[in-house]
Amino acid sequence: MPKVKVDGVELEVPAGATVLQACEQAGKEIPRFCYHERLSIAGNCRMCLVEVKPGPPKPQASCALPATEGQEIRTDSEMVKKAREGVMEFLLINHPLDCPICDQGGECDLQDQSVAYGRGSSRYDENKRAVTEKNMGPIVKTVMTRCIQCTRCVRFAEEVAGVPEIGAIYRGENMQITTYLEHAAKSELSGNVVDLCPVGALTAKPYAFEARPWELKKTHAIDVMDALGTNIRLDSRGRQVLRAVPRINDDVNEEWASDKTRHNVDGLVRKRLDKPFVRKDGKLVPATWAEAFAAVAAVQHGGSVAAIAGDLLDCETMFAGKALVEKLGGTMLEGRQTGLSYDVSSLSSVVFNTPLADLETADVILLVGTNLRWEAPLVNTRIRKAIKKGAKVFAVGPEFDLTYKVEWLGNDASLLAKLPEAVTEAFKGAARPAMIVGGGVLAKDGAHGDTLALVETLGLVKDGWNGYNVLHFAAARMGGLMLGYATKGGIKAVAEAAPKLLFSLGADEVDYSAFDGSFKVYVGHHGDKGAHAADVILPGASYAEKAGTYVNLEGRVQFGEKAVFAPGDAREDWSILRALSEALGAKLPFDSFDALRAEMVKAVPALGVEGIADYGWSVPSLPTGATGEFGSPIKDFYLTNAICRASPTMQQCSAELIHGVEYAEAAE
């Protein structure tokens, strides 16, 4: 490890570190615009200049200079100060004075660094250049006159998202950043360029002119748009969430978030259920809570009670629902709304066993029946990293553009029984092999068993490594399975049992025609499919309006906080179930959220410990011999749940990016 001196203080730095990283290790703040920890080094903004000896007597860009033995680095010399002032002066030659109307105001790197490192005035009085606006689609708003050509967005699109559709045209002072052919950015991760942009050139179109950062209350939450458990921060004002931005968690989402995670929030205030409803003469009519509870209490169920959990639920709501069903004498609980009925006797056989951060180190990967770009975009970025380190990827299933090189073996489930020799040979020599099993596999009879049979054949489980991974895409799935929301035979078996009283806990993807004989009580937050089929609607809270425990696809337990209050008469789901239990004469044993969480942790201790739950490893004996083609369970990435379907932004993304509808810009 080389030893260097930073402003007179000697320290050891890791081999391969840059001078900028050495300065940061010494606790010195180095200004930068183009450098980003997760992107390749460009070295083109020159803001990170430092003085280095031995070396030429001039400032050098610290982001692109390797730290070597014996270097003496100065970050605070007069030469460095003047050099940074000069760079900032150049950067501001063409930058417009837009701060009062710029959405980046208050959290802008250019503002902060110009105050800290710039001159008090400029010596330039030439006219500023202007750049025409670009159309980057429904997510990203452009004001390219503000662009300082740091190329962070270009490098993100190419290296992380894998969709190299942003680049530079022209040269010198005429250079412009744009999408090629000026079409909408078609990556499901495109919104991340807004966070990366150090100026106001790229901002969030749905959030334009909504608020200033100092007006907003910031709440740590967990995303429920997929099963990854992306760590997010909900920014709210009053009773409305105005934006969701990712928090850094290297074990889960790094610092990225999908476009669906970022921009579903405008769906939280639309199509909301804000009062109870009771069905009378075939029509749903508004009612009081007492009338709604009385309608449920009037049902003669005789213990024939079931509950179906939706995809966006927290564990506390599911536990309260389970406790109520059991108090009423029922046993049927199901969370797999779309009809899946896979074996759950061993949770280790239906979880993503490889920690997400370790997936980057896999050397051979087999994808089975999955479109990772839609089912888990941030798992896809991990595989891109593995490929950069030399991993080889094979796939069985329908072909998709996954943004990296894949050797497609065909879309026939029978291939799992006789994989080509090239695949078995590649796995034979692999130190860290991995297989990712998608929703298309769990929907096909025998396919789950076929993939488990490959565990030994491909050597997926070794000391300190488990490469067998099932990919869920419902945020509530693993938590629901831990709480017992899995009836043998799935939802079909629940329908055949014809429960007299059915609790639908935010379940909007169910085919309710199979439950025509049941009295359906819907506890949820949006007027979607579940509410339309219900006999009684009890308005609940969305993920932003309640604290909760969530378990992601790798079995990682995480806790989210409450950002805002639910609208109107809507209440938190657990409190609705607690009040309803008293009306039904089956009072639940908790009167507060903390008491409920304590009861849940007593029943399932793993839900009280943040981190990956240990399910052990055991392989159930399952039927094999699947045949036929795998289907794709997600038909439209942007409209997978009730919140997204209520969101105008998600509707426009679906129309423009998936269905090819053309939206004219104002100037057109």
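The values are calculated or read from the model by the stated rules, or taken from the named source; none is laboratory data. The shown structure was predicted, so the numbers you read here are calculated from the model rather than taken from an experiment. FYI the Cβ positions are ideal-geometry reconstructions off the backbone, even for glycines, and counts take in every protein chain you see. Ligands, DNA and RNA are excluded from the accessible area calculation, which covers all protein heavy atoms including side chains. Shrake-Rupley method; radii C 1.70, N 1.55, O 1.52, S 1.80 Å.
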Go through the residues of segment 429-437 one by one and say whether even a single one is in contact (Cβ under 8 Å) with a residue 60 or more places away in the chain, under 21 Å from P620 (Cβ atoms), basic (K, R) and part of a loop (DSSP other than H, G, I, E, B).
no
Take P57 and tell me if it is open to solvent by 30 Å² or more (accessible area, probe 1.4 Å), out of contact with any strand residue (DSSP E or B) (no Cβ under 7 Å at 6 or more places or on another chain) and more than 21 Å from C150 (Cβ to Cβ).
yes
I'd like to check something: does segment 346-359 contain any residue that is charged (D, E, K, R) and either at pLDDT below 90 or open to solvent by less than 30 Å² (accessible area, probe 1.4 Å) (or both)?
no
Among the listed residues V140, V115, which satisfies the condition of being of a type in the set (V, I, T) and open to solvent by 50 Å² or more (accessible area, probe 1.4 Å)?
V115
From the options D528, D535, D573, D511, residue that is more than 26 Å from the chain's Cα centre (by Cα) and over 17 Å from S341 (Cα atoms):
D535
Among residues of segment 350-373, those that are under 23 Å from L416 (Cα atoms) and within 23 Å of the chain's Cα centre (by Cα), counted
16
Return only the number of the condition from (1) open to solvent by less than 20 Å² (accessible area, probe 1.4 Å); (2) at pLDDT below 90; (3) of a type in the set (A, V, I, L, M, F, W, C) that I30 does not satisfy.
(2)
Verdict on D195 being surrounded by 21 or more Cβ atoms within 10 Å (Cβ to Cβ) and touching a residue at least 24 places away in the same chain (Cβ under 8 Å)
no
Answer from L577, L553 - the residue that is part of a loop (DSSP other than H, G, I, E, B), in contact (Cβ under 8 Å) with a residue 12 or more places away in the chain and open to solvent by less than 30 Å² (accessible area, probe 1.4 Å):
L553
Could you tell me whether segment 154-172 includes any residue that is modelled with pLDDT of 90 or more, outside any loop (DSSP other than H, G, I, E, B) and surrounded by fewer than 17 Cβ atoms within 10 Å (Cβ to Cβ)?
yes
Scan (1) within 15 Å of C315 (Cα to Cα); (2) touching a helix residue (DSSP H, G or I) at 6+ places or on another chain (Cβ under 7 Å); (3) small (G, A, S) for the single condition A595 breaks and write down its number.
(2)
Sole residue being buried (at least 16 other Cβ atoms within 10 Å of the Cβ), assigned to a strand (DSSP E or B) and at pLDDT 90 or above, chosen from A395, A426:
A395
Residue tally, condition closer than 19 Å to A613 by Cβ, in contact with a Ser or Thr (Cβ under 9 Å, 6 or more places away or on another chain) and part of a loop (DSSP other than H, G, I, E, B), over segment 477-494
1
Scanning segment 320-338 residue by residue, the ones that are closer than 24 Å to T640 by Cα, of a type outside the set (A, V, I, L, M) and open to solvent by less than 40 Å² (accessible area, probe 1.4 Å) total 5
Please work out which one of (1) touching a Gly at 6+ places or on another chain (Cβ under 9 Å); (2) more than 15 Å from V494 (Cβ to Cβ); (3) small (G, A, S); (4) surrounded by fewer than 18 Cβ atoms within 10 Å (Cβ to Cβ) is the condition S258 fails and give its number.
(4)
Quick check: anything in segment 453-461 without any contact (Cβ under 8 Å) to a residue 24 or more places away in the chain, out of contact with any Phe, Trp or Tyr (no Cβ under 6 Å at 6 or more places or on another chain) and either under 30 Å from V160 (Cα atoms) or open to solvent by 10 Å² or more (accessible area, probe 1.4 Å) (or both)?
yes
Give the residues of segment 608-642 that are crowded, with 21+ Cβ neighbours inside 10 Å and touching a Phe, Trp or Tyr at 6+ places or on another chain (Cβ under 8 Å), sorted by residue number.
F637, T640
